[in-house]
Amino acid sequence: MDISAIPGFLEFLEPGVDRLAHLLAALAGLGVQAKVLGMAGSRHVLVRFKDSAYTDSRRVKTLVAHYDREPGSRGANDNSAAVFQLVALAARLKDRRGRHNVQIVFTDNEEAPGRGSVRDQGSFGLAEGFRKLWKDSSCFIILDVTGRGDTYVLSASGLDLVRKSSAVPPDFVRELEGLHRILAWELAAAGRGEALVLPTPYSDNLGIILGGLPAAAITMLPRDEAYGFGLKLQENPHLRQAFLRPDSETLARMPRDALPLTWKSIHGPSDGIELLTEGAFAAMAALLERVVGMEVPLDLGKVAP
Amino acid sequence: MSRAEELARELIEGDKRAKRLFLDAGQLRAGGDRVQAFMLQATQSAGGLLPDLLSYFELLYALVKGTDRFPFDAEYLLSTPRGELILDAYGNAAGQVPAGADLLPGPEAPGDGDAPGFMLDGLDSVEAEPISGLFRAFAEGRINKLCCRAFAEAPARLAGPWKLELLRSFYTASGSARWIPPVDDIAAAERRLAKLPDAQRFRDQALRAMADAGKMGFCPAQYLRRVLIPLLDASPGDYAAFERSSSAVADCFLSVCAEMGPDGDGSANNLFTLKALIAPLAALGSRLSLPGWRDDPAMPSMEEVLFSLGRRWAALFKKRHPFTRELLRSYADHFLAGIARIETPREVLRQGLRLLEHVEFVSGRALTDADFQRFRKPLHARGVRLLLARAERDARYANLLRVLQKHFDTVERLVLAAEAKAIRERRAPGRYSPFSSPEYLSYLRFFAAGSFATPGDIEVFFDVLHGLRGAREGDTDDMVSIVLENAKDPAERADLIAFLKECPVFDRAVYAAWRGRSESGRSELVEGIRGRLRAYLEDPLASTAHPELPGLDDRLEIAFIKQLVRSAQLTKPRVEEILVSGAVRGDDPVPPELAQGKRFHVRERAPSGEEEGGGKNAHRDFLRARLALLKEAIDSATDADWWRPRAKALLAAAGERSAALAELSRQTEALIAQAPEGERAALERKRRGLEEQGAGFRAAASFLRSVAGPGEEPPEVPLKAAALALACDKTIAKARFPDAFLFLLALGLGEEAADALASEPFATIAEADPQAPFLGFALVAAMREASTTFVRQAVAGFFEGPFKAMPPSYQAQARAMVAAAAGSPEDNNDAMLADLAYRRYGAQAANHFLDRELDSLGGPSGGRASREILLVAGKRRLDQFYGFVGELCIAQHVQELRRRDFFPVRIVDLASGRLVGYVHLFVYQARIGLRQLKLAVLGGVEPKSSWLAYVDEVDFHCGVRRAAVEWARALGASMLCSATGAVAMSNCMQLSRAMQVDIEGKPLVEPEKPLSFPQGYWTLSPLAVLWSATSGPRGG
C-alpha cells in the first residue's frame, strides 16, 4: 500500500489547506454522506450510515479522529493518518448490510487544551451534544496517531484518571472499565498478540470522558518504541503519574529520553508523511474491521471481567 | 521498701531475662535470697539494668547454684557510658559477712624488681584461691563467663583427681578471656584414664603440661584436647611414652615461643601454632607420637625435628606476609598431618621444611587481597580434602604426599612461567597476577575435582591440555576429562585427542568405530554424526540411527544429550547417570502441529567498549562490590569453614544493633520528658518502634545462641541454619546485606553447584579483578546468570538441606524468620518461601542493576546483526532436562514431562547449534465461567540468561509469542494466555520485564481448575490473554 497514493492525503498535509473542506470533499468523492455539526464553536463532521445499520439493543460505536492539527505541523501522523483510515472505513461501510452500529465523527479543536482548559476541547462539547441527541447509548473509540508502527496501543490514561478521581461516579468508572475490557479482547484477537496497554498523552477521549460518556483511545507505535516506553514505565513509576495531569504540558513534563520517538516527532514540522508506515494502515484496517463487528452492550458496567 | 528499691524491682520485673533470673534465684537450695538482694542493690546502684550487669547476675546465679554458697566478697566492675562504676556488693548488697565466709584476699601489689617470666613447673607454684576469685578475674577480663560456670558446675568426681581448685586458680590468676572451659575435655581424658592403676600419674603429667602451656600463652583446655588426648590415645596406658612425648612437644612450644618473640604469630594467646603446627605432629597416628621411635639411634631426635620445624615456622611468620596463616589453614596443614602419619622423622623434617618453603613462595606473591583471591585457596583446599579422603579410605598416605609434592612443584612452575611471560611482555608489576594464567586455572579446576590420583596424572594432564589447543572453545575441560578417563597410553591419547577435536560428541563405541577407519572414512563418519546431532536437536521425531554405527542408536542419543545439555546444575557424568538409570520421556507423542518448528530472527546486541577496555560502567561501584561478593561466594562454596566466623559476626552484629537501638530508645525517652506536650505522642511512637526493633534483634540473637549452645564448637548444621535465619532477618539483612547474601550461597549450594561455579561461564567471575577499571559485557552477563541461578538454587538448597536437618522447634522459628524476611505468610510451602526469599536477595537487590548495566553495555540493538532461532516442542529423553537447561529451581521435576498437557519447547540458537533454553507450553481444556475452552498457556519462557544477554529480549519475546499464537491457532485453541507472576513468566528478569509490559492491562481469565506446574508446587492463575480467536465475554 502506497500511502502517498491515497486520494487527497498529500493535499490534506499541505500548509494552509482548509482541512474541513478537504475532508468533506474526500468523503463526498467516495460517495459518503457527511454533515457538519456546529457545537460550542467547533465544527465536527458526522458520518452516519443508513438507519438499517443501527439497533437500539446495543451501544452505537462512535469512531473518532480529530482532523485539526497543531499550527506549524503538517499533521501527517497527528492525525491525518487516522482521519484517512476512517474515511476508508466509511467508504467500505456505506453500502454494507447488517447492523454494525458504527458512526464516525471527525472532530475539531482536539489540540485545544494547549490553548485553554480541557473544556475548550472540541470533544467536550461533542459529548454534551451527543448526550442530548442520543442519551447515553453511544460509546467512543478514538483513533489518534495511528499512522506509524506495528503495535496497537490501547491508552490506559483515561481509565487511570477516572479511577484516581473521587468525583467520578462509580457507575461511570465501571462503564469505562467495560469498554476497555471489550477493546482489550478485540486487540488481542486482531493483532496476533501485538497489542499493549500503556498510558498515552490525552486525545479526544479526555473531553468525552469529562463530558460523561465512555471513551477509549487507540494509537499505534513501532514495537521497539512501545516496549521501550513500557519498560521505562516499569523503571520509573512517576512517569505514569505524569499522565494523570491532563494538560498541554503532559509531554513536556516528561524526560525526553523516556518518550517514544513517534510522540516526540508530532506537534512539529517533523510530522510528515515520511514518518508513516504502510503496515500501520494495514493493521488499522484489520482492527477497524473487528471493531465494526464488535458488539457493545448497553450496560457496559456489567461486562464480565 | 524504699522508692529506689521499688524502682529496682520494677526494672528487674520489666526485663524478661532479669525477671526469670530473679525468680530462679528464689528457688536455689542456698544463698538464693542473697542473690536476689544483690540483684536489687546492684540495679539500684547502677541506675538501670545494663547488659553487663545482667551478665554478672547470671554468673552469680551459676556460682551459687553450682557451689551452694554465696561469694560474699563478690565485687565487680562495670563499664558504662558514664565511666567506670565500682560496686562493692559486700558492703552495699549482701549485708554483713557471716562467720566463715569465703573471703578473697585483696590483690597484692607486685614486688619491686620482679622480672617478667614464668617457671615451667605446672601447677606447683599456684596458690588456691576461693571461688569468688572468679569475680575479680571476670571483672578484670582474665576469664569468661563460660569458664566460670564450668568451674562452678564441675562434677565432684573430677574436682579432686584433676585438682580443679588449683586449675581454677590458675585460670583466674594467669588466664585469658579467650580460653575455653577445660571441664569437658578433662571428662574426656578421664574416660581414657579412669581404669588405669596409675591414672593419677597421667593426670598430674597432663595438668603439668596444661599449666605450662597456659604459661606460654596457650589455652590449657585446647592443649589438652589437641595435644594431650591424642598423645594419650597414641600410647594407651604407657606412662613413660606419654611423659616423654608430652615433654618433647612442650619443649617445641617453648622453642617456637622463644623464636617468635612476644609479638610474633604463635605467641601468647595464639592458637594457630598449636592447631596448625603442633597438633598435626602430635595427632593420633602421627609417628612422632608413637612410643619407641625416639630411642632409635638412626632417627633424628624429636627435639631436632620439632626445633628445626619450629625455627622455620617462626622464620616464615617473621616475613609477615599477610596471607601466610590463610595458606596453611585447611590446606598445608593436611600435608603436615600426612607426613607425620607415615614418614620417618627424618622425612617429616625434610618434607615439612619443603612445605614451609612452598607456603613462603606463595605467600610472598599473594600480597594483596586480589592476588590471594586469584590464588584460589579454596580450590587447593578442596583438592587436598579429596586426596586426604581417598588416602584415608585406602590407608595409602604415600600417594597423597607424592601428589601434593607434585602439586607444590606444579603451582610453583606455573607461577614462575607466568612471571617470566610478564617480564618478556614488559608488563609492569601490579598489572598482572602470577596466579591468573589460563593453565593455572584449568589445572586448579582438575586438582579441586580430585582428578589426580598419582603424580603421573598431573603430567598427563598437561600433555592433554597442550594437545587440545585450538579445539572447541568452552569444551576444553570436558575433553580433558574424557582423555584422562579413557586413554592411558600416549599413542591412544593422541588418537583420542584427534577424535575429540573433530567430532562434536564422545562415546567410547563411536570412538572405537572411528579409530578403526581410514582417514577419509573417519571424516565421513564424523560428518554423519554432525548431521544427526543437528537433526536430533531440530526435529523431535528424527532418528539417531547411523548406517555406519549399527546398534549404537541409544549410545549416540546419550552422547547427543550430553553434548546438548549445558547446565550449571549438572555435570556431564551426572547427565549420563540420569539417562542410564532410567530416563523420563513423554508417553504421548508431540502433536504434529507442535513438532513443526517455528523460526524467527532476533537482533543481536553488540557489546561496546569491551575489547578496547575503554568502556564505562554505569554502576561501577555496585558492580565491583557484587563481583567481590560472588567471588567470595564461589570460594565459600568450596571452603568448609567459611561460614563459622561469619555466623559469629552476624551474632555480634545483632548484639551491636540491639545495644545501639536500646541507647537510642533511652535517649528518646529523655527527650520525651523535656518535649512540649504536642510532640510527646510522636516521640513515644518513635521510642516504641525502636524498642520493637531492638526486641527483634534480641530475639534473633537469642535464637542463634539457643541453637548454638554454650560450647565452643556447636553442632554445625543447626548453627548454619540458625545463622541463615538470622541473616534473613529483615533488619539485619539491611545492615549486613553482603553477609546475608553470601550465607544464602554458602549454605544452600551443593558440591555440584560449587563445581559449576568454578567452570564456564562462571569461571570468568572467579578470574576477574574487582578493582579493574572496566567490567565488560561478558563478565557482567556471567554475573547476572550467577545471581539468578545460584541465589535461587541456594535458597532452595537451604530448605532442602540445613532446614530439614534442624529439630522441628528450630524449623518453626527459622521458617518464621525467613518468612518475615521474605514478606511471606508462614504457611507458604518451602518452594514459595524460597522463591520469595530469592526475590528479596536476588532479583530486587541486584538483578535490576545488572540488567541496566547490560543494557548500557549492550547498547541499542536496532540495525545490528541477527540470529535465527528455532522453537520446536519435544518429549524425548533430551527434554526431561528442560529445567536444567533453563537453570530453574524446579529442574528436578523431570516427571512433568509425562503430563499430557505439557510441552517443553526447545529454544535452539541455529547460529551456534546450541540448545539455549525451553519454553513451557501447556495445551488443555479449561472451564472459564460457563464456557469450556481449549487454552494454550505460556507457563514460563526460560532461555539461559547468559545467552539472552546477547540478544534483544523484546525481539525474542515477540518471536516466542508469535510462534505460540500460530501453534494455538493450529491446535484449535481459543486463546493464548501467559502466566502472570514475574517469576512464573521467566527466570530471566530482562525477559520477564518485557513480558510484564505485554500483559499489562490485558484481559485476565481464571480457569475453574487452575493450572499447576510443577504439579502441586505452583499455581498459574490468573492468566493474561495474549491472543484470542474470538471476542471476549459480553455482559449487559
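The values are calculated or read from the model by the stated rules, or taken from the named source; none is laboratory data. No experiment lies behind these values; they were computed from the predicted model shown. All Cβ positions, glycine included, derive from the backbone under ideal geometry; neighbour counts span all protein chains shown.
Couple of notes before you dig in:
- The range B:159-200, residues that are farther than 17 Å from B:D233 by Cβ, aliphatic (A, V, I, L, M) and modelled with pLDDT of 90 or more: B:L164, B:L166, B:L167, B:V183
- Whichever residue in the range B:536-573 is of a type in the set (D, E, K, R) and under 34 Å from the mean Cα position of the chain (by Cα) and, among such residues, is surrounded by the most Cβ atoms within 10 Å (Cβ to Cβ): B:R566
- Of everything listed in (1) more than 7 Å from every other protein chain (Cβ to nearest Cβ); (2) crowded, with 22+ Cβ neighbours inside 10 Å; (3) closer than 23 Å to A:W185 by Cβ, the single unmet condition for B:P1003 is (1).
- Of the criteria (1) part of a helix (DSSP H, G or I); (2) under 24 Å from A:E177 (Cβ atoms); (3) aliphatic (A, V, I, L, M); (4) touching a residue at least 40 places away in the same chain (Cβ under 8 Å), which one B:A984 fails: (2)
- Of everything in the range B:905-933 that is of a type outside the set (G, A, S) and loosely packed, with under 15 Cβ neighbours inside 10 Å, the residue that is farthest from the other protein chains (Cβ to nearest Cβ) is B:Q925.
- The set of residues in the range B:177-197 that are touching a residue at least 40 places away in the same chain (Cβ under 8 Å) and either closer than 30 Å to B:R136 by Cα or hydroxyl-bearing (S, T, Y) (or both) comprises B:R178, B:W179, B:I180, B:P181, B:P182, B:D184, B:D185, B:A188, B:A189.
- Residue match in the range B:945-952 (condition: among the aliphatic types (A, V, I, L, M), in a helix (DSSP H, G or I), surrounded by 21 or more Cβ atoms within 10 Å (Cβ to Cβ) and more than 13 Å from every other protein chain (Cβ to nearest Cβ)): yes
- Here B:Q892 clears all of (1) closer than 30 Å to B:P1003 by Cβ; (2) without any contact (Cβ under 8 Å) to a residue 24 or more places away in the chain except the condition numbered (1).
- A:N101 at pLDDT 80 or above and under 22 Å from A:A156 (Cβ atoms): no
- Of all the numbered requirements in (1) out of contact with any helix residue (DSSP H, G or I) (no Cβ under 9 Å at 6 or more places or on another chain); (2) without any contact (Cβ under 8 Å) to a residue 24 or more places away in the chain; (3) within 13 Å of chain A (Cβ to nearest Cβ); (4) of a type outside the set (F, W, Y), B:P1010 misses one, and that requirement is (3).
- Test: residue in the range A:275-292 that is outside any helix (DSSP H, G or I) and more than 12 Å from chain B (Cβ to nearest Cβ): yes
- The range B:1012-1023: number of residues that are crowded, with 22+ Cβ neighbours inside 10 Å and assigned to a strand (DSSP E or B): 2
- For the range B:447-460, the criterion of being among the β-branched types (V, I, T), surrounded by 14 or more Cβ atoms within 10 Å (Cβ to Cβ) and touching a Lys or Arg at 6+ places or on another chain (Cβ under 8 Å) is met by at least one residue.
- Meeting the requirement of 1 or more residues that are surrounded by fewer than 18 Cβ atoms within 10 Å (Cβ to Cβ) and out of contact with any His (no Cβ under 6 Å at 6 or more places or on another chain), the strands (runs of 3 or more DSSP E) wholly within the range A:1-105 are A:35-39, A:42-47.
- Hey, A:S138 crowded, with 24+ Cβ neighbours inside 10 Å, of a type in the set (S, T, Y) and either within 30 Å of A:E274 (Cα to Cα) or in contact with a Lys or Arg (Cβ under 9 Å, 6 or more places away or on another chain) (or both) or not: no
- Those residues of the range B:197-214 which are out of contact with any Pro (no Cβ under 7 Å at 6 or more places or on another chain), surrounded by fewer than 21 Cβ atoms within 10 Å (Cβ to Cβ) and in a helix (DSSP H, G or I), in sequence order: B:A199, B:R201, B:D204, B:Q205, B:R208
- All of (1) closer than 18 Å to B:G1001 by Cα; (2) out of contact with any Gly (no Cβ under 8 Å at 6 or more places or on another chain) hold for A:E278 with one exception: (1).
- Residue in the range B:990-999 that is among the hydrophobic types (A, V, I, L, M, F, W, C), at the interface with chain A (Cβ under 7 Å from one of its Cβ atoms) and outside any helix (DSSP H, G or I) present: no
- Among the residues of the range A:206-243, not one is small (G, A, S), within 15 Å of B:Q996 (Cβ to Cβ) and either at pLDDT below 85 or under 14 Å from the mean Cα position of the chain (by Cα) (or both).
- When residues of the range A:177-205 are limited to those that are in a loop (DSSP other than H, G, I, E, B) and under 30 Å from A:P255 (Cβ atoms), the one farthest from the chain's Cα centre (by Cα): A:G193
- Pick from the range A:253-269, criterion surrounded by fewer than 15 Cβ atoms within 10 Å (Cβ to Cβ) and part of a loop (DSSP other than H, G, I, E, B), ranking: modelled with the lowest pLDDT: A:P255
- Total residues in the range B:968-988 satisfying the condition of being surrounded by fewer than 24 Cβ atoms within 10 Å (Cβ to Cβ) and either within 14 Å of another protein chain (Cβ to nearest Cβ) or polar (S, T, N, Q) (or both): the figure is 6.
- Scan the range A:168-189 for residues that are closer than 13 Å to A:A216 by Cα, hydrophobic (A, V, I, L, M, F, W, C) and facing chain B (nearest Cβ under 9 Å) and the total you get is 3.
- Helices (runs of 4 or more DSSP H) wholly inside the range B:358-471 containing at least 3 residues that are farther than 19 Å from B:H334 by Cβ: B:369-375, B:397-424, B:438-448, B:455-467
- The lone exception for A:G149 - which of (1) part of a helix (DSSP H, G or I); (2) out of contact with any Phe, Trp or Tyr (no Cβ under 8 Å at 6 or more places or on another chain) it fails: (1)
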